[in-house]
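Beneath this line is the structure, given in structure tokens, with notes to follow.
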Amino acid sequence: MAEKKKLGKELTKGIIVENPVLRLVLGTCPTLATTTSVESAIGMGLAASIVLICSNVVISALRKVIPDKVRIPAYIVIIASFVTIVQMVVKAFLPSLDEQLGVYLPLIVVNCIILGRAEAFANKNSVIASAVDGLGMGIGFTAALFLMGAVREIFGAGTFLGTGIPFLSENPMLIFILPPGGFFVYGILMAVVNRIAESKGKKRAELRGCEACPMAATCAINKKEVAES
Amino acid sequence: MTMTKELISILLTAILTQNFVLAKFLGICPFLGVSKKLNTAVGMSAAVIFVMALATAVTYPINQLLLVKFELEYLQTIVFILVIAALVQLVEIILKKYIPALYNALGIYLPLITTNCAVLGVVILNVDNSYNFAQSMFNSIGAGLGFMLAMVMFAGVRERLDSCEVPKFMQGLPITLVAASLVSVSFLGFTGIVENIFG
């Protein structure tokens, strides 16, 4: 029973409390780049989720085999293999999605959420817990992308999943689907989430910059900044 | 003549109209994380330019002579990320041993760059656009310079932002993103400039 409860917690934490996009501020590049429409946002979210779940499972299963010193390159190879599989499937069955995502599909390899979860969770926990963690984080990532994609598509193109919305489709605010709109919507969403979190007595999402990066431990910028302060 | 014209047009497109950070959203993590101070922003961007140029110079022959020749294009993602990771490590070791001065200036930024999506992005884009070697190099250097331009501009904006009074719920990350949005608007002004100069 306690075991089940724990798994439930792993699942839900990724969706709200530790939402990778809105609370942990990870994976910002795809969040900004692929949310010009709901369709590409969901496509990106699902593709990254599949890679995340599979790589979490494999890394967790191999956590006792991979030597600590070469773990990052090993993780990168595992993640890159799954990205290649997803890339081939999408190219074969969803060519229109492949066109929309373009270069961002292979770039799932360097998505910090995936490497971050491998470092922070999968190499310490059991296979089942890691799979559930990946599922929760994937749902959280997809949900945040969906939210941003919906806001940008509704205001920027006046459509939702391609269907026109009366009034808005006659007066689309193009800036929302242009690059500046991405930064703007993300900033405002973050402010709203911070406001809600604060009213519930939770800590607000801070710009942790390099700290959030999975490479932070190996990176010397942090050491230098510590030495300076 | 047309050749040089084309190369300069690729360079300017990568710096201004298709700026990697502000128009293509590649390398957002360092853009938000390392742009607090001007000197770190410059150091990081210099390291990015260096690694981008080097990664392109190395991956181009690998792609042409190995992957395309033996019809292994589907391995591009895996091969490129591994080459970049190995390259960054190698550069770090060589700089540390032989050019300590340069290592002290750039070396600390190198590990971060392995997982920087801008480096892998530029390499993949070069292949996707089927650029030749010279075009790839100009595109990479342009992308790096564009990254530097955005970083330096944004570091300036953030230094000003520090002394502003911001409503509480907008403090920190939200206002930084809105500021990035405004910097990005200024780059929209370059739309069409390259086509008009060289068209």
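The values are calculated or read from the model by the stated rules, or taken from the named source; none is laboratory data. All values derive from a computational prediction rather than experimental measurement. For neighbour counting, all protein chains shown are included, and Cβ atoms are generated from backbone atoms with ideal geometry for every residue, glycine included.
Please state which of the following conditions A:Ile76 fails to meet, knowing it meets all the rest: (1) in contact (Cβ under 8 Å) with a residue 24 or more places away in the chain; (2) more than 9 Å from chain B (Cβ to nearest Cβ).
(2)
Restricting the stretch A:105-128 to residues that are surrounded by fewer than 19 Cβ atoms within 10 Å (Cβ to Cβ) and small (Gly, Ala, Ser), which is nearest to the other protein chains (Cβ to nearest Cβ)?
A:Ala120
Got a sec? Which of B:Leu66, B:Leu54 is crowded, with 17+ Cβ neighbours inside 10 Å and without any contact (Cβ under 8 Å) to a residue 60 or more places away in the chain?
Residue meeting the stated conditions: B:Leu54.
Every residue in the stretch B:95-126 that is among the β-branched types (Val, Ile, Thr), modelled with pLDDT of 85 or more and out of contact with any Ser or Thr (no Cβ under 8 Å at 6 or more places or on another chain), please.
Let us first name the residues in the stretch B:95-126 that are among the β-branched types (Val, Ile, Thr), namely B:99, B:108, B:113-115, B:119, B:122-124.
Imposing the further condition that a residue be modelled with pLDDT of 85 or more reduces the set to B:119, B:122-124.
If the condition is that a residue be among the β-branched types (Val, Ile, Thr), modelled with pLDDT of 85 or more and out of contact with any Ser or Thr (no Cβ under 8 Å at 6 or more places or on another chain), then B:Val119 is the only one that fits.
When you scan the stretch B:109-116, do you find a residue that is assigned to a helix (DSSP H, G or I) and more than 21 Å from B:Phe25 (Cβ to Cβ), even just one?
yes
Any idea which residue in the stretch B:107-137 is nearest to A:Val103 (Cα to Cα), counting only those that are more than 11 Å from chain A (Cβ to nearest Cβ) and surrounded by fewer than 23 Cβ atoms within 10 Å (Cβ to Cβ)?
Among those residues, the one meeting the criterion is B:Ser130.
Under 7 Å between Cβ atoms, which residue pairs at least 6 apart in sequence (or on different chains) link something in the stretch A:117-137 that is in contact (Cβ under 8 Å) with a residue 12 or more places away in the chain with a partner that is surrounded by fewer than 20 Cβ atoms within 10 Å (Cβ to Cβ) and of a type in the set (Gly, Ala, Ser)?
A:Val127/A:Ala61
Considering the stretch A:79-104 alone, what residues qualify as being in contact with an Asp or Glu (Cβ under 6 Å, 6 or more places away or on another chain) and either aliphatic (A, V, I, L, M) or more than 10 Å from chain B (Cβ to nearest Cβ) (or both)?
If the condition is that a residue be in contact with an Asp or Glu (Cβ under 6 Å, 6 or more places away or on another chain) and either aliphatic (A, V, I, L, M) or more than 10 Å from chain B (Cβ to nearest Cβ) (or both), then A:Val90 is the only one that fits.
What pairs come up if the first residue lies in the stretch A:88-106 and is under 14 Å from B:Leu75 (Cα atoms), the second is buried (at least 18 other Cβ atoms within 10 Å of the Cβ) and of a type in the set (Ser, Thr, Tyr), and their beta carbons are under 6 Å apart, counting only those six or more places apart or on different chains?
Qualifying pairs under 6 Å: A:Pro106/B:Thr77.
Would you check if there is a residue in the stretch A:47-64 being closer than 17 Å to A:Leu107 by Cβ, within 12 Å of chain B (Cβ to nearest Cβ) and touching a residue at least 24 places away in the same chain (Cβ under 8 Å)?
Yes, some residue in the stretch A:47-64 is closer than 17 Å to A:Leu107 by Cβ, within 12 Å of chain B (Cβ to nearest Cβ) and touching a residue at least 24 places away in the same chain (Cβ under 8 Å).
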